[in-house]
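The values are calculated or read from the model by the stated rules, or taken from the named source; none is laboratory data. All figures in this text were calculated on a predicted structure; none of them were measured in a lab. Glycine gets a Cβ as well: all are built from the backbone with ideal geometry, and neighbour counts include every protein chain shown.
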Amino acid sequence: KIRLKFLEAMEADDFSKLPSLGYAKGFVKNYSDYLGLDSAAVLAFFRRQTEDVTRASLLPKGMAEPLNKPMFILTPGRFLALLVASFGVVFFLYFGLQYRRLYQAPQLIIEQPVGESVAKEKRIDILGRTDPDATVTVNGMSVLVRSDGRFFDQLSLVSGVNRITVVATSRFGKITTVTRNVGFQQP
């Protein structure tokens, strides 16, 4: 007793529809006996036809096929999902960095005077950089900040040690303070 779909598959030489190669040999032998053919000759012919069948075809259906497939196939739907996910990641990174930048204290770099120094003249230049949207004060007096974040001011020194305090304040009230001590001795 062989199912009709298996008989049709054998007659069409489509052995992939059969459960396995072992079953196929049994079906070929039984079918050749039923038709009154020499089963040994028919089996020999069957073996020659199926010699090029790989060992993967001996595995049960469903096991060989997934092993032969690539792990990831890029389909249009997956491509679109990856594209949307990439834009989402970039969007959140950009706005996260902008949010962080807005709500942290402004950067403040004093280029001149450097560290603890001694001035030779009564007037000293204060040069520095900060965030372009920050406000800067030098010893409590407001200083103009250029669009590139640079600022400049001049102070008159008194004899002895002069404490120079530079404060940068962001629009959200975050403060960065740098203090320099500059010595001056009048001649």
*Which condition does residue 158 not pass, out of (1) in a loop (DSSP other than H, G, I, E, B); (2) more than 38 Å from the chain's Cα centre (by Cα); (3) in contact (Cβ under 8 Å) with a residue 40 or more places away in the chain, if it passes all the others?*
(3)
*Which residues, counting only those in the stretch 1-19, are outside any helix (DSSP H, G or I) and either out of contact with any Lys or Arg (no Cβ under 8 Å at 6 or more places or on another chain) or surrounded by 15 or more Cβ atoms within 10 Å (Cβ to Cβ) (or both)?*
1, 2, 3, 12, 13, 14, 18
*Say whether the condition of being touching a Pro at 6+ places or on another chain (Cβ under 6 Å) and surrounded by 12 or more Cβ atoms within 10 Å (Cβ to Cβ) is met by at least one residue in the stretch 149-158.*
yes
_Residue ID - modelled with the lowest pLDDT, chosen from residues in the stretch 1-26 that are among the acidic types (Asp, Glu) and at negative phi_ = 14
